[in-house]
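Below you'll find the structure, written out as structure tokens, and then a few comments.
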Amino acid sequence: MYETKYHKAASIEQAKSLLEGGDDAQLLAGGQTLIPTMKARLAAPSDLVDISKIDAISGVCIEGDVVSIGAATTHSQVAASADLRSICPALCDLAANIGDPAVRNRGTLGGSIANNDPAADYPAAMLALSAVIVTDAREIAADEFFQGMFTTALEEGEMILSVRFTAPAKAAYAKFPNPASRYAMCGVFVTVSDAVRVAVTGAGNNGVFRASEMESALEADLSPGSVEGIAPDVDDMLSDIHGDGAYRANLVSVMARRAIAAL
Ligand SMILES: Cc1cc2nc3c(=O)[nH]c(=O)nc-3n(C[C@H](O)[C@H](O)[C@H](O)COP(=O)(O)OP(=O)(O)OC[C@H]3O[C@@H](n4cnc5c(N)ncnc54)[C@H](O)[C@@H]3O)c2cc1C
């Protein structure tokens with residue numbers, strides 16, 4: 001790991017000024033992705049600005065059917081939120097199955113979506129929930145936020161503060177985890193509100209995506225059978241030592257049917 005200077009920020013304002021003050025400063029949330037990347041010498045920030053203890057961006061807040069989750073809220077906190085479970089249990093279940101307890105106790109929602117790993121769970125949820133990503137500069141719809149593998153709409157130095165969404169009438173997530181890392185080989189998040197939204201992670205060779213053909217079929221018939229035979233193009237699928245494109249395309253179909261059955 002290269003040398004770096006560590007700063008603990010107590011407020012959003014302090015985090016922003018520390019970010020601007022460093023040559024190549026980076027935000028540190030749970031460190032579950034950034035620290036391993038630094039250890040592998042794939043990242044060498046001049047300064048680490050730790051935002052994990054900023055109260056203003058931590059916690060779950062529910063007003064009516066509108067849910068806001070602070071960017072520094074850990075996976076464990078999301079999983080354990082009784083308020084969230086009463087209004088959107090699928091998101092609690094998703095968080096409860098991220099990585100292992102050590103990862104869940106440190107890793108945060110904000111760090112996960114900022115990183116936008118193609119096999120991460122939260123991007124599928126945010127896309128299917130039609131969430132709004134609130135940053136220190138603007139509000140970004142999930143459909144505009146996720147822009148391909150490890151790519152988002154975030155500008156240099158832009159900080160995610162929270163995510164916000166209206167709890168859907170129904171939601172479910174089905175994940176086929178990589179047996180070693182627990183990342184999604186394929187995860188499908190389905191929501192039903194004014195419209196049906198289906199988002200897929202872990203399978204696409206350009207990161208999280210909406211399964212629009214399945215959405216149309218489900219608009220007409222909200223049953224697992226209606227997506228039978230609908231699978232993404234094999235050429236658009238990830239292919240690696242864990243599974244080839246045909247395997248993942250089939251997984252999308254299987255996981256989608258499981259999620260729909262769980263609605
Ligand atoms: C063994 C292991 C297993 C895992 N399994 C899974 C899994 O099953 N599913 C899954 O989804 N993930 C999994 N993860 C990843 C985990 O969820 C990480 O927590 C997540 O990817 C990054 O979150 P973090 O808070 O640790 O971010 P960090 O590592 O602190 O930061 C990641 C990146 O995001 C930036 N960043 C952090 N917070 C913000 C913010 N508020 N605004 C803007 N940029 C920000 C940082 O600067 C950095 O570039 C796993 C990780 C490990 C080590």
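Coordinate-derived values only; no laboratory data. Predicted model, so just to flag it, every value in this text is computed and none were measured. Here Cβ is always computed from backbone atoms with ideal geometry, including for glycine, and neighbour counts include all displayed protein chains.
Residues whose amide H lies under 5 Å from that of G207, counting only those 5 or more places away or on a different chain, are M149; hydrogens are built 1.01 Å from N in the peptide plane. When restricted to Cα atoms, region 58-166 yields an Rg and a Dmax of 12.7, 36 Å, respectively.
With n ≥ 4 as the cut-off for DSSP H runs, can you work out [θ] at 222 nm for the chain, using -39500 (n - 2.57) per run divided by the number of residues, rounded to the nearest 500?
Mean residue ellipticity at 222 nm (helix-derived): -9000 deg cm²/dmol.
Using only the C-alpha atoms, the convex hull of region 1-78 corresponds to 94 Å³ per residue. Dipole orientation for region 170-262: of the candidates L238, P179, V252, P179 has the Cα lying most toward the positive pole (charges on Cβ; Lys, Arg +1; Asp, Glu -1).
Simple spin-label estimate for R182 and Q147 gives 3.1 nm between the two label positions (7 Å along the Cα-to-Cβ direction from each Cα).
Convex hull of alpha carbon positions in region 170-262: directionally averaged projected area 5.4 nm². The label-point distance for L42 and E13, in a model that sets each label 7 Å from Cα toward Cβ, rounds to 3.7 nm.
Using θ = phi - 60° in the Karplus curve 6.51 cos²θ - 1.76 cosθ + 1.60, the 3J(HN,Hα) couplings for region 37-51 round to 5, 5, 4, 7, 6, 9, 8, 9, x, 5, 9, 10, 10, 7, 10 Hz; x is entered for Gly and Pro.
Principal axis extents of the C-alpha atoms in the chain (largest first, rounded to whole Å): 55, 45, 31.
Two numbers describe the Cα atoms of region 150-222: Rg and Dmax, which are 14.6, 44 Å. Expressed per residue, the C-alpha convex hull volume of region 118-180 stands at 103 Å³. Descending by average beta-carbon neighbour count within 10 Å, the peptides 192-205, 60-73 line up as 192-205, 60-73, the highest first. Amide hydrogen proximity for S162: with H placed 1.01 Å from N in the peptide plane, the residues at 5 or more positions away or on another chain lying under 5 Å are A71, V134. Taking 0.36 nm per residue of separation and subtracting the current Cα-Cα distance, fully stretching the chain between K170 and Y6 would add 54.8 nm.
Restricting the calculation to Cα atoms, every distinct pair contributes to the Kirkwood radius of region 114-247, found to be 15.4 Å.
Based on the alpha-carbon gyration tensor of region 5-50 and its eigenvalue square roots a ≥ b ≥ c, which shape applies: rounded if a/c is under 1.5, prolate if not and a/b is larger than b/c, or oblate? It comes out oblate by the Cα gyration axes.
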